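What follows is calculated from the coordinates using simple rules that are stated; it is not laboratory data. Model, not experiment: these values are computed from the prediction. As a convention, Cβ positions derive from the backbone with ideal geometry for all residues, glycine included, and neighbour counts pool all protein chains shown.
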Amino acid sequence: MAQGKLKVKTKLPKDVKSNQKTTKKGSAITKRANHPVQSKKKAITEVRKLKQAVHKTVNKVVEDEIRSRAASSTNKSLSKAQQAVAEYHKNVAP
């Protein structure tokens, strides 16, 4: 059961209601005619593509260098058993 009085809804005067409907809200982004706001997506994607290209080339160069070092020094640090296994795999799968 409700205790207390009911809330009374107030009504605005007629003049105020008509003025509220006619007022326009401004745009969220203000743009000037001589210099509109550019979107950042294009610049961000270009930077991302550039970073990916650099990352790929650096990784490829590092991998090639590691492979060349490993190929040149395989027999130097291997034991006789490891050398035999490596020699076997070279002959089996040319």
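Taking segment 44-94 as the region of interest, the number of lysine pairs whose Cα atoms are within less than 29 Å, with members eight or more places apart or on different chains, is 6. Each of LEU78, LEU12 was scored by other Cβ atoms within 10 Å of its Cβ. Listed from fewest to most, they are LEU12, LEU78.
In plain terms, the chain from ALA43 to ARG67 could stretch by 5.0 nm, reckoned as 0.36 nm per residue minus the Cα-Cα distance.
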